[in-house]
Ligand SMILES: NC(=O)c1ccc[n+]([C@@H]2O[C@H](COP(=O)([O-])OP(=O)(O)OC[C@H]3O[C@@H](n4cnc5c(N)ncnc54)[C@H](OP(=O)(O)O)[C@@H]3O)[C@@H](O)[C@H]2O)c1
């Protein structure tokens, strides 16, 4: 087992996946902005006999990511696995179309992964081995209503990884895109579940298996995936009619975040 870098490890999917990678024997570098949450996870992993390093880092900041990866590799060893999971999304209001909102979402969901890959890939190429994993979303398959920025940023992330996968063929580096549907990452507030929603531990157990098996692409759950495939073969006029009827009722896919940097965090 080697060194895994997991971004967005302070909460939700990233936190759970980092625990699973540590349990299989990887030394894990935990990246996110909330230091105390990272420290508490690192402590928990160390107490169960694993190795972990908490590194507070804003993944939209290229230099900060480079420094974080350098530190992780110095203290834990060369990166064998990158899980670029940090991300999130908030609804796009078409009536208040705002480029800052889009720039923010692309920085968070696309450029963050680009920064991480830029930092780990030269070493992987030199060693002729490594595994790049990114957290996309089923929301990247189609432009969902109210999700212009989120859907397009996840579609871009998937396409970027797909191109890389082909370009890196034969160089010893595997590429995996994870594309979950709805995952419940916070304790239940409302009784109403999102369609085909998975519980966090079930979802991350599936993702950890897909990583282990070095799958190229893992989109799930299959039931929601089937509906999305169906949406692909619908003529656009029918898609538009159906989607505008459900419109604002389509639940947001992915983690909530501010609309733009002006909104805080
Ligand atoms: N939950 C779902 O239904 C679902 C479905 C499909 C895809 N996804 C994707 O899964 C990933 C994880 O989401 P989640 O559901 O687990 O939500 P979450 O609990 O809100 O996790 C988001 C993680 O990203 C980190 N993050 C956000 N902005 C960051 C930044 N600028 N720099 C560094 N870290 C940052 C957060 O840490 P800090 O706040 O501490 O920085 C947090 O650890 C996201 O990419 C999301 O789009 C989620």
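Values in this text are rule-based calculations from the coordinates and carry no lab data. Owing to the predicted nature of the structure, the values given are computational and were not obtained by experimental measurement. Here Cβ is always computed from backbone atoms with ideal geometry, including for glycine, and neighbour counts include all displayed protein chains.
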Quiz item: Binned at 10 Å from 0, what are the whole-percent values of the Cα-Cα distance distribution for the chain, short to long?
Solution: 7, 31, 37, 20, 6, 0
Exercise. Output the relative contact order of the chain, whole-number percent, from Cα pairs under 8 angstrom with separation of 6+ residues.
Key: 20 percent
Quiz item: Between the helical axis of 200-212 and the dominant principal axis of the chain, each derived from Cα atoms, what acute angle in degrees is found, rounded to the nearest 10?
Solution: 60 degrees
Self-check item: Using alpha-carbon coordinates, inclination of helix 112-127 to the longest axis of the chain, degrees
Solution: 40 degrees
Quiz prompt | Compactness of the stretch 139-201 - radius of gyration and Dmax, Cα, Å | solution = 15.5, 49
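Order 14-25, 41-52 from most to least packed using the mean count of other Cβ atoms within 10 Å.
14-25, 41-52
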Practice problem: Using Cα pairs closer than 8 Å and at least 6 residues apart in sequence, work out the relative contact order for the stretch 1-69, in percent. | Solution: 29 percent
Self-check item: residue 43-residue 230 pseudo-label distance in nm [points 7 Å out on the Cα-to-Cβ vector]
Solution: 4.9 nm
Quiz prompt | Calculated [θ] (222 nm, deg cm²/dmol) that DSSP helices of n ≥ 4 give over the chain, each run adding -39,500 (n - 2.57) | solution = -14500 deg cm²/dmol
Quiz item: Picking from 81, 125, 157, which is most flexible by a Gaussian network model of the chain using Cα springs under 10 Å?
Solution: 125
Exercise. Arrange the peptides 93-103, 114-124, 61-71 so that the one whose residues have, on average, the most other Cβ atoms within 10 Å appears first.
Key: 114-124, 61-71, 93-103
Exercise. Take the alpha carbon atoms of the stretch 1-80, find their center, do the same for the stretch 195-223, and report the distance between the two centers in whole angstrom.
Key: 21 Å
Quiz prompt | Separation in nanometres of the label points that stand 7 Å from Cα toward Cβ, at residue 209 and residue 186 | solution = 2.9 nm
Self-check item: Peptide ranges 232-238, 162-168 listed from the most packed, as the mean C-beta count within 10 angstrom indicates
Solution: 162-168, 232-238
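Diagonalise the Cα gyration tensor of the stretch 1-138 and give the resulting equivalent ellipsoid semi-axes, square root of 5 times each eigenvalue, largest first, whole Å.
Value: 26, 17, 12 Å, ordered largest first.
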Practice problem: Starting from the exponent 0.38 and prefactor 2.2 Å, build the expected Rg for the stretch 22-101 from its residue count and divide its actual Cα Rg by it. | Solution: 1.37
Self-check item: Inter-label distance, nm, simple model (7 Å from Cα along the C-beta direction), residue 242/residue 66
Solution: 4.7 nm
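Roughly how large, in nm² to one decimal, is the mean projection of the convex hull of the alpha-carbon atoms in the stretch 94-194? Before the final figure, lay out the partial values.
On the way: hull surface 32.8 nm².
Answer in nm², one decimal: 8.2.
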Quiz item: Tilt of helix 222-233 relative to the longest C-alpha principal axis of the chain, in degrees (0 to 90, nearest 10)?
Solution: 50 degrees
